[in-house]
Every structure is written in structure tokens, then in C-alpha cells.
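Novice: One structure, pasted below without further comment.
Bear in mind that the values in this text are calculations on the coordinates, not laboratory data. Here the structure is a predicted model, which means the values were calculated and not measured. Neighbour counts run over all protein chains shown; Cβ positions are idealised from the backbone, glycine included.
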Amino acid sequence: MDCLLQGNESQAINIISNLLFSTIPKERILFNIILPSLNTLNDMYNRGKISETEKLLISTTILDLILMTKFVSTIDIPKLNAYSIIVSGSEEATYQARIASVMLHLMGWHTLYLPNVESKIDPFFDIDIHRLIAKKLKNVKGLSAVMIFSFNANTLKFLSNTMKALRDKIENDIKIVIFTNNDLLQVSQDIEVDYNTADLTSLIDWAKEQYRNFIP
């Protein structure tokens, strides 16, 4: 949306509002409009076309549009045995994580979203997040996935290892997924999780396939 990238927040909100109440699939709005706008914004910032504050201002509006898509949309038939916890592990990955959480919600998954935890990581954080996820997934019967979004190698490794340690402690076949950028894709492939990608569409396709193949 050129209007959004040019700083016209009101026009961008009006456009998305009209699209949300049309027959256009919500997945197309997220993947064909909002996500490309985010990618263009990051590219403009990296090339010095906009300032830090401009980027922050526009990215906040993008986040609002993502949430608006969630709250004014009707979800698919609820998938009573599909659960996901999405964890953001870096500021830059927060927006992709939020899009994924909204998409899974619209697909009917039970979805929890944990915003950027990068600054919260300390020697006791693994215990803290273990307690949270065990509480949410321990007695769940069905398909469970913890999805880690991070563009920081150290955080990516820490969160992945933390989730793998948790999986060994609770009686639940938790799938562990990594979403990162192209620069860290090889790093993520060396961590040995169930799925890793730098493409958001591929992640959603993976989730759909997992549910189709799931046998209660």
C-alpha cells in the first residue's frame, strides 16, 4: 500500500477496512497486501530512504492492520485438536509472528501469541517459559506446535533448545518450528527442529499439511 508507506495512515485503514468486509479471502489481505508492505518498509529503511522514527511509526500502523484483520474476521470451523504457541524472539520478527498468529487463528487453531521475549532472556527464563507452555499444552490432546520467530542467532538457538528440553518433559508430541530470515536459515537447519523456513506462506502451508495428516 503506497498510501501507508507515504505516511497516510487513515487512507490505509480505510482500504483494509473495505477489503475486510468484501469477499476477498483474509489470507490474501495478509499475504498479498500487508506482508509486502512490511517487506518494502524494511527495504526502504535498509536503503536509508526513511528514518528510524518513520519506520517505527509505519510499522506500528502495520501491526494495527494485522490485528484489525483478526478482530473483524470470521474464523474457519474451529479445529478443536490444533494448538499453537507463537513466540517472538526479536523485534524485527514480531510482525511476521503476529501475521502467523492471526492466520492460524483464522484457520481455526487455538493460538497463543507471546510478544518479543529477547530482552527477557536470563538464567531463569527457560524455567519461566517451561512453566507457561507446560501449563497450556500439558493436558492438550491433539496437534501442538511451538513456533519460534527470531532474526537473532543466539536467541534462536536458546529458544529452540529450551523448547526441545521441554518436549522431553511433558507427554505431548510438540512440533517445534523456526521462522527466521535468509541469513540465518542455515543456522536454523542445523538446530534439528521439526520445520524451519524463511517464508511465511510455507510455514502456513506446513501447518495446514500437518493438520490434514494428523490422526487423533
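Novice: Computed from the mean reciprocal separation of all distinct C-alpha pairs, what Kirkwood hydrodynamic radius does region 101-216 have, in Å?
Specialist: On the way: mean 1/r = 0.0676 Å⁻¹.
For region 101-216, inverting the mean 1/r across all distinct Cα pairs yields 14.8 Å.
Novice: If you average the C-alpha positions of region 134-208 and of region 96-114 separately, how far apart do those two centres end up, in angstrom?
Specialist: Result: 14 Å between the Cα centres.
Novice: Further, regarding this structure: Specify whether the C-alpha gyration tensor of region 62-102 places it in the rounded, prolate or oblate class, a ≥ b ≥ c being the square roots of the eigenvalues: rounded for a/c under 1.5, otherwise prolate if a/b is larger than b/c and oblate if not.
Specialist: Values: a/c = 4.47, a/b = 1.31, b/c = 3.41.
Because a/c hits 1.5 or more and a/b fails to exceed b/c, region 62-102 counts as oblate.
Novice: Roughly speaking, what is the stretch gain from Glu52 to Thr201, that is 0.36 nm per residue apart minus the C-alpha to C-alpha distance, in nm to one decimal? Display every interim value, and only then the final one.
Specialist: Details: separation 149, 0.36 × 149 = 53.64 nm, distance 2.77 nm.
50.9 nm is the gain from fully extending Glu52 to Thr201.
Novice: Another question about this same structure. In the Gaussian network model of the chain, springs joining C-alpha atoms below 10 Å, which of Ile127, Ile29, Ile176 carries the largest mean-square fluctuation?
Specialist: Of the options given, Ile127 has the highest mean-square fluctuation.
Novice: Calculate the dipole size of region 7-74 relative to its Cα centre from +1 charges on Lys and Arg beta carbons and -1 charges on Asp and Glu beta carbons; express the result in debye to the nearest 20. Please list the in-between numbers first.
Specialist: Working: 6 positive and 6 negative charges, 32 e Å.
Once rounded to the nearest 20, the dipole reads 160 debye.
Novice: Rank Phe21, Phe158, Phe124 by mean-square fluctuation in a GNM of the chain with C-alpha springs under 10 angstrom and give only the top-ranked residue.
Specialist: Result for the chain, Cα springs under 10 Å: Phe124 fluctuates most.
Novice: How far is it, in nm, from the label point at Leu80 to the one at Asp194 when both lie 7 Å from their Cα along the line to the Cβ?
Specialist: The answer from the label model is 2.1 nm.
Novice: Could you tell me the relative contact order of the chain? Use alpha-carbon pairs under 8 Å, at least six residues apart, and round to a whole percent.
Specialist: Taking the mean separation of contacting Cα pairs over the length of the chain, I get 16 percent.
Novice: Further question on the same structure: Which order do peptides 191-198, 90-97 fall in by mean Cβ count within 10 Å, highest first? Write out the running numbers ahead of the final one.
Specialist: Values: 191-198: 17.4, 90-97: 20.4.
Highest mean packing first, the order is 90-97, 191-198.
Novice: Between Thr69, Thr111, Thr201, find the one with the highest GNM mean-square fluctuation for the chain; connect C-alpha pairs within less than 10 Å.
Specialist: Between Thr69, Thr111, Thr201, it is Thr201 that shows the largest mean-square fluctuation.
Novice: May I pose another question? Below 8 Å between Cα atoms, with a sequence gap of 6+, how large is the relative contact order for region 2-71 in percent? Write out the running numbers ahead of the final one.
Specialist: Details: 35 pairs, mean separation 25.7, N = 70.
Computed over region 2-71, the figure is 37 percent.
Novice: Still on this structure, I have one more. Would you mind getting the Kirkwood hydrodynamic radius of region 1-42 from its Cα pairs, rounded to one decimal in Å? Mind showing how you got there, number by number?
Specialist: On the way: mean 1/r = 0.0952 Å⁻¹.
About 10.5 Å for region 1-42.
Novice: In whole angstrom, and with the biggest value first, how far do the Cα coordinates of region 2-71 range along each principal axis?
Specialist: Principal extents (Cα only, largest first): 38, 20, 18 Å.
Novice: P(r) for region 94-152, please, calculated from all Cα pair distances in 10 Å bins and given in %.
Specialist: Taking every Cα pair in region 94-152, the percentages come to 19, 48, 30, 2.
Novice: Separate question: Counting helices only, and only those DSSP H runs with n ≥ 4, report the 222 nm mean residue ellipticity of the chain as the sum of -39,500 (n - 2.57) divided by its residues, in deg cm²/dmol to the nearest 500. Provide the component values of the computation, followed by the final result.
Specialist: Values: 10 runs with 112 residues, N = 216.
Here the helix-only value at 222 nm equals -16000 deg cm²/dmol.
Novice: Return, for the Cα atoms of region 150-211, the radius of gyration and Dmax in Å, separated by a comma.
Specialist: Rg then Dmax for region 150-211, in Å: 11.8, 34.
Novice: Output the pairs from Lys79/Lys135; Lys26/Lys79; Lys136/Lys175; Lys120/Lys169; Lys70/Lys208; Lys26/Lys138 with a Cα-Cα distance over 26 Å in this structure; if there are none, say none. Please report the intermediate quantities before stating the final value.
Specialist: Values: Lys79/Lys135 20 Å; Lys26/Lys79 18 Å; Lys136/Lys175 14 Å; Lys120/Lys169 23 Å; Lys70/Lys208 18 Å; Lys26/Lys138 32 Å.
Correct reply: Lys26/Lys138.
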